[in-house]
1. Determine ³J(HN,Hα), in whole Hz, for all residues of the range B:46-61 in sequence, where each value follows from phi through the Karplus function 6.51 cos²θ - 1.76 cosθ + 1.60 and θ = phi - 60°; x replaces Gly and Pro.
2. Calculate the spin-label point distance for A:Tyr24 paired with B:Lys189, positioning each point 7 Å from the Cα along the beta-carbon direction, and give it in nanometres.
3. Of B:Val157, A:Val178, which has the most accessible area and how do the rest follow, probe 1.4 Å?
4. Taking Rh as the Kirkwood radius, which is the inverse of the mean 1/r over Cα pairs, what is the Rg/Rh value for the range B:1-71?
5. Which parts of the range A:95-124, residue by residue, lose 20 Å² or more of accessible area when the rest of the protein chains are there, as against the chain isolated (1.4 Å probe)?
6. Would you be so kind as to list the residues of the range A:175-191 that have their accessible area lowered by at least 30 Å² in the full protein complex compared with their chain by itself (1.4 Å probe)?
7. Can you give the calculated 222 nm mean residue ellipticity of the protein assembly as shown, where each DSSP H run of n ≥ 4 adds -39,500 (n - 2.57) and the sum is split over every residue, rounded to the nearest 500 deg cm²/dmol?
8. Mind grabbing the interface size between B and A? I mean buried accessible area, both sides, 1.4 Å probe, in Å² to the nearest hundred.
2 protein chains.
Amino acid sequence: MNLKDITTKTRSYRRFDESHRIDYKTLESFIELARLSSTGANRQPLKFIIYNTPEDCEKIFPYLVWAAYLTEWPGPDEGERPSGYIMILGDKSITENFGIDHGIAAQTIMLGATEAGLGGCMIASIKREELRDEIDLPDKYEILLILALGKPIEKVVIDEINGDDVKYWRDSANNHHVPKRSLKELIIKLK
Amino acid sequence: MNLKDITTKTRSYRRFDESHRIDYKTLESFIELARLSSTGANRQPLKFIIYNTPEDCEKIFPYLVWAAYLTEWPGPDEGERPSGYIMILGDKSITENFGIDHGIAAQTIMLGATEAGLGGCMIASIKREELRDEIDLPDKYEILLILALGKPIEKVVIDEINGDDVKYWRDSANNHHVPKRSLKELIIKLK
């Protein structure tokens with residue numbers, strides 16, 4: 001797969017075949033990709049936790065908030081939940097400012113997941129304090145992002161945007177539609 | 001190239017063969033990759049400006065601050081400067097909070113550049129107000145990042161980190177060395 005294919009296939013997936021488990025080494029290999037990626041002033045302040053057993057995944061799931069625009073949908077049902085998570089932490093003993101480092105890392109990991117036949121979703125909407133208690137996370141770590149991963153079972157369709165309405169939605173066949181702005185709208189020319 | 005190869009080759013390059021020009025369509029294709037990438041709540045608030053002519057590149061160059069750790073080095077000499085830039089803007093008419101969207105976009109673009117045989121550097125240290133005046137940038141756009149691109153002519157070596165010293169440095173042969181934390185240090189295990 002070239003990068004255009006990988007990028008095109010890297011959609012946000014929220015429904016998975018939960019019986020498809022992801023082994024630790026695979027998740028570790030995604031973090032290796034992130035390790036090799038850019039970081040502001042080369043500080044490398046990110047830390048990662050891997051969750052891949054059914055028990056671990058069950059522990060994390062309740063603290064995630066899913067798909068804000070799908071107000072009727074509380075998140076994936078049992079059997080369709082992620083079978084792995086990578087939690088991205090900021091290590092405040094290195095810096096208090098993580099800038100866009102976790103964006104760089106998260107995207108690299110999601111591209112790696114696609115290449116490995118997996119998919120998932122970057123989740124920033126997290127019940128952080130409750131989760132911190134649950135996993136007994138030391139104060140020096142900030143929870144930046146959780147990457148939910150699995151074998152996707154939903155179809156995600158990119159649509160041309162209609163006006164300015166960026167809300168994704170699901171059709172009657174449960175396909176997930178994502179309106180995207182055109183390249184023409186994104187590239188601006190001054191004067 | 002698989003993603004591991006692309007990621008490994010995507011180093012921060014700061015010296016280029018300036019005579020190697022980059023065509024507009026190539027830079028546009030990198031932005032297409034970014035267009036297809038994740039964005040918080042699907043808001044897509046980023047805009048992009050392409051600079052690729054020698055005149056345009058000369059206009060942007062003075063507003064960039066290069067390689068903070070190389071205190072003796074003011075930036076690339078004439079003939080070794082970038083031959084293209086992609087400026088990433090935040091459109092404040094869409095949101096005031098760009099989160100990590102520009103990290104996601106920038107990394108995707110840099111990976112695309114590697115695949116196309118190019119390379120470069122994400123630059124966040126920018127004389128923003130002076131540059132805004134120079135290019136007459138409307139107030140609604142925030143300058144988030146400038147990606148400097150070109151045909152790299154320097155060798156970048158990843159070294160094992162020695163203690164906690166993250167500073168990159170250049171050896172007598174002018175090779176650029178970047179200390180990276182080990183995977184073992186990045187993946188934490190609680191309890």
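1. 8, 10, 9, 10, 9, 10, 9, 7, x, 5, 4, 5, 5, 5, 7, 3
2. 0.6 nm
3. The ranking, largest first, comes out as B:Val157, A:Val178.
4. Using Cα coordinates only, the ratio equals 1.00.
5. Going by heavy-atom accessible area, the residues of the range A:95-124 that drop by at least 20 Å² are A:Ile100, A:Gly103, A:Ile104, A:Gln107, A:Thr108, A:Leu111, A:Glu115, A:Met122.
6. A:Lys180, A:Arg181, A:Leu183, A:Leu186, A:Ile187, A:Ile188, A:Leu190, A:Lys191
7. Value at 222 nm, helices only: -8000 deg cm²/dmol.
8. Counting protein atoms only, the buried area is about 5500 Å².
The values are calculated or read from the model by the stated rules, or taken from the named source; none is laboratory data. Keep in mind that what you see is a predicted model, and the values were worked out from it rather than measured. Positions of Cβ are backbone-derived with ideal geometry, glycine not excepted, and every protein chain shown enters the neighbour counts. For the accessible areas, the whole protein counts, side chains as well, though only heavy atoms, and no ligand, DNA or RNA atoms are used. Shrake-Rupley method; radii C 1.70, N 1.55, O 1.52, S 1.80 Å.
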